[in-house]
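Everything below concerns the one structure shown next.
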Amino acid sequence: MNNIANEYGFSKTSFANRNTADYWNQKGFLRRLINNDEDGCFFNFTNSGKASSVSIYIYPGSDNIDLFVNYQQVDGVGLAGIAKSFDDVVKLLNAFKLEQTGFVYLVDKSGIIQLHKDKSLIGKHIREVYGDAATMLTVPDEFNLAEVENQKEPLIVTSSYIPNAEWFVVTQVPKAEVFSSLNQTTLNIVIWTIVVAIKAAIFALLIANSITRPIATLASLFTRMGQGDADLNYRLPETGQQELISVAAGYNAFISKLSTLFVTVA
């Protein structure tokens, strides 16, 4: 067992007698296990009737955590296990955040919390945390979602099943934090919509003025001409939109010919 641990970088290799609960690791005989909080996982596994299991073990009085993969002879006496340090995964999960206070933790397929930032919840069923909503969170699907009303604030909780480990990755985030982001996004969209609308209105107003001002000038000029009070020396400025330039050019040409005609008649 010691050679296996060194060759593959395992933190632990172990063997146990299922009948006597005698337990050995890579250093030799350790002790005879007893059915208590510390060794209870051994007896839970031997009584499960399953050939293999994946579990997390937190060493008493330490922050060290190992991931154990165990195999037992269901109809025999042997139970073997290997363990790999889970500390890096724990650090990754603890560092992972959703919104401001959301977090991630691990639950086994029966709903027992295996790894949580609140160590007092480890070993408890998530039903004790979420009530009846825990039922839909422990369905072995790729994605489950539940809205939970607790004493502090409404929560959005999701779970995703990992078949190889028979665990759930559970995420918890306050509902208000999720919708605060959506509300902020909506507010930003509304603000930008208003800004664009105002700019469009100003631009349209400028365009309208650039069109209506020359037309108004032309209309006033024709009105004075009809009343016999026109200055034939006045010419319209040939600026602005192309259509208005054409109108101004036509008017100027007409007035020039009219002025020439009047001089000739005179």
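Is one or more of the residues making up region 83-98 assigned to a helix (DSSP H, G or I) and of a type in the set (S, T, N, Q)?
Taking region 83-98 as the starting set, the residues that turn out to be assigned to a helix (DSSP H, G or I) are 87-95.
Applying the additional criterion that residues be of a type in the set (S, T, N, Q) yields 94.
Within region 83-98 (the criterion being assigned to a helix (DSSP H, G or I) and of a type in the set (S, T, N, Q)), the answer is yes, since at least one residue qualifies.
Collect the residues in region 22-74 that are at pLDDT below 90, hydrophobic (A, V, I, L, M, F, W, C) and touching a helix residue (DSSP H, G or I) at 6+ places or on another chain (Cβ under 7 Å), keeping them in residue-number order. If the condition is that a residue be at pLDDT below 90, hydrophobic (A, V, I, L, M, F, W, C) and touching a helix residue (DSSP H, G or I) at 6+ places or on another chain (Cβ under 7 Å), then ILE65 is the only one that fits. The single condition among (1) part of a loop (DSSP other than H, G, I, E, B); (2) within 26 Å of LYS91 (Cβ to Cβ) that LYS152 does not satisfy is (2). Can you find even one residue in region 114-135 that is of a type in the set (Gly, Ala, Ser), outside any strand (DSSP E or B) and under 19 Å from ILE56 (Cβ atoms)? Yes, some residue in region 114-135 is of a type in the set (Gly, Ala, Ser), outside any strand (DSSP E or B) and under 19 Å from ILE56 (Cβ atoms).
Which residues, counting only those in region 141-178, are among the aromatic types (Phe, Trp, Tyr) and surrounded by fewer than 14 Cβ atoms within 10 Å (Cβ to Cβ)? Walk me through it before giving the result.
Going through region 141-178, the residues among the aromatic types (Phe, Trp, Tyr) turn out to be 143, 161, 167-168.
Residue satisfying the conditions is PHE143 alone.
For the condition under 17 Å from the mean Cα position of the chain (by Cα), of a type in the set (S, T, N, Q) and at pLDDT below 85, THR101 qualifies.
Given (1) under 20 Å from PHE15 (Cα atoms); (2) in the same structural domain as VAL173 (by TED's automatic domain parsing); (3) not acidic (Asp, Glu), identify the lone condition not met by LYS50. Condition not satisfied by LYS50: (2).
The values are calculated or read from the model by the stated rules, or taken from the named source; none is laboratory data. Given the structure is predicted, the values throughout are model-derived calculations rather than measurements. We place every Cβ from the backbone using ideal geometry, glycine too, and count neighbours over all the protein chains shown.
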